[in-house]
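Peer 1: So that we are looking at the same thing, I have put the structure below in structure tokens.
The values are calculated or read from the model by the stated rules, or taken from the named source; none is laboratory data. Keep in mind the model is a prediction, meaning the values are calculated, not measured. Don't worry about glycine lacking a Cβ; one is built from the backbone with ideal geometry, like all the others, and counts go over all protein chains shown.
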């Protein structure tokens with residue numbers, strides 16, 4: 001599975017958009033980009049995934065570059081409850097195994 | 001989606017003892033997994049719990065140390081055997097439906113071994 005690179009930490013003001021980048025330059029054609037988050041003392045929570053096209057759901061938007069070598073998770077109006085570690089994971093479509101890195105620790109500040 | 005519960009939520013155990021962690025899902029799921037998350041670290045997959053057969057273990061994890069059961073589609077247990085302080089960690093259960101990439105996680109079991 002392709003490896004991902006994320007910034008260690010980021011800050012965001014409450015109410016503003018949080019844009020979390022992820023590099024996955026060795027991604028293969030059949031690999032999806034997944035985003036999860038883990039709020040302190042909780043289990044991880046699935047956010048969104050995509051293959052080539054941009055995706056949006058009630059939680060976030062996922063923007064994938066045309067060459068698929070990087071992506072950005074967008075939380076359009078961050079709240080204090082969005083403070084968490086955000087994991088970007090690349091994995092083949094139906095692969096049971098997700099390889100977890102250290103993620104980005106996002107702090108949303110009042 | 002699936003709601004996953006784990007018991008116990010936390011425990012403090014003595015060296016050399018064993019602890020069994022239970023994972024219950026509120027609906028039938030395809031796959032169930034067990035992860036370990038050591039302090040300040042990311043998640044590491046221990047094994048896939050297979051219904052009615054032996055679990056599939058990842059490199060570095062063995063059945064004698066982490067026996068796993070999955071008697072039906074909604075329940076699994078992980079036992080941490082002959083514990084040492086190095087086993088102090090959070091143990092997480094997860095499950096998927098038909099799409100493997102979308103996993104639902106339990107709240108975790110925080111284990112401290114003295």
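Peer 1: Is it true that residue B:94 is under 22 Å from residue A:87 (Cβ atoms), in contact with a strand residue (DSSP E or B) (Cβ under 9 Å, 6 or more places away or on another chain) and part of a strand (DSSP E or B)? Before you say what the answer is, go through the steps one by one.
Peer 2: Working: under 22 Å from residue A:87 (Cβ atoms): yes; in contact with a strand residue (DSSP E or B) (Cβ under 9 Å, 6 or more places away or on another chain): yes; part of a strand (DSSP E or B): yes.
Judged against the criteria, residue B:94 is a match.
Peer 1: Which residues, taken from the range B:32-41, are facing chain A (nearest Cβ under 9 Å) and crowded, with 18+ Cβ neighbours inside 10 Å?
Peer 2: Across the range B:32-41, the qualifying residues are B:33, B:35, B:37.
Peer 1: Scan the range B:20-30 residue by residue and report those that are more than 9 Å from the chain's Cα centre (by Cα) and buried (at least 18 other Cβ atoms within 10 Å of the Cβ). Show your work before the answer.
Peer 2: Step one: of the range B:20-30, the residues more than 9 Å from the chain's Cα centre (by Cα) are B:20, B:24-30.
Result: B:25, B:29.
Peer 1: Please go through the range B:71-87 and pick out each residue that is modelled with pLDDT of 95 or more and surrounded by 17 or more Cβ atoms within 10 Å (Cβ to Cβ).
Peer 2: B:76, B:77, B:78, B:80, B:83, B:87
Peer 1: Considering the range B:97-114 alone, what residues qualify as being modelled with pLDDT under 95 and either more than 10 Å from chain A (Cβ to nearest Cβ) or part of a loop (DSSP other than H, G, I, E, B) (or both)?
Peer 2: Those that are modelled with pLDDT under 95 and either more than 10 Å from chain A (Cβ to nearest Cβ) or part of a loop (DSSP other than H, G, I, E, B) (or both): B:97, B:98, B:99, B:100, B:101, B:102.
Peer 1: Can you tell me which residues in the range B:7-53 are at pLDDT 95 or above, within 21 Å of residue B:104 (Cβ to Cβ) and part of a loop (DSSP other than H, G, I, E, B)?
Peer 2: Hits for the range B:7-53 are B:8, B:9.
Peer 1: Quick one: which residue in B:71, B:85, B:107 is over 25 Å from residue A:40 (Cα atoms) and out of contact with any helix residue (DSSP H, G or I) (no Cβ under 9 Å at 6 or more places or on another chain)? Steps first, please.
Peer 2: Values: B:85 fails: over 25 Å from residue A:40 (Cα atoms); B:107 fails: over 25 Å from residue A:40 (Cα atoms).
Criteria check complete, one pass: B:71.
Peer 1: Could we say that residue B:66 is within 13 Å of the chain's Cα centre (by Cα), assigned to a loop (DSSP other than H, G, I, E, B) and either over 16 Å from residue B:95 (Cβ atoms) or within 11 Å of another protein chain (Cβ to nearest Cβ) (or both) here?
Peer 2: yes
Peer 1: May I pose another question? Only one of (1) assigned to a loop (DSSP other than H, G, I, E, B); (2) closer than 22 Å to residue A:55 by Cβ; (3) at pLDDT 95 or above is not met by residue A:26, so which one is it?
Peer 2: (3)
Peer 1: Still on this structure, I have one more. Anything in the range B:93-102 that is in contact (Cβ under 8 Å) with a residue 60 or more places away in the chain and surrounded by 15 or more Cβ atoms within 10 Å (Cβ to Cβ)? List them, or say none.
Peer 2: We begin by selecting, within the range B:93-102, every residue in contact (Cβ under 8 Å) with a residue 60 or more places away in the chain; these are B:93-98, B:100.
B:93, B:94, B:95, B:96, B:97, B:100 - these are the residues of the range B:93-102 that are in contact (Cβ under 8 Å) with a residue 60 or more places away in the chain and surrounded by 15 or more Cβ atoms within 10 Å (Cβ to Cβ).
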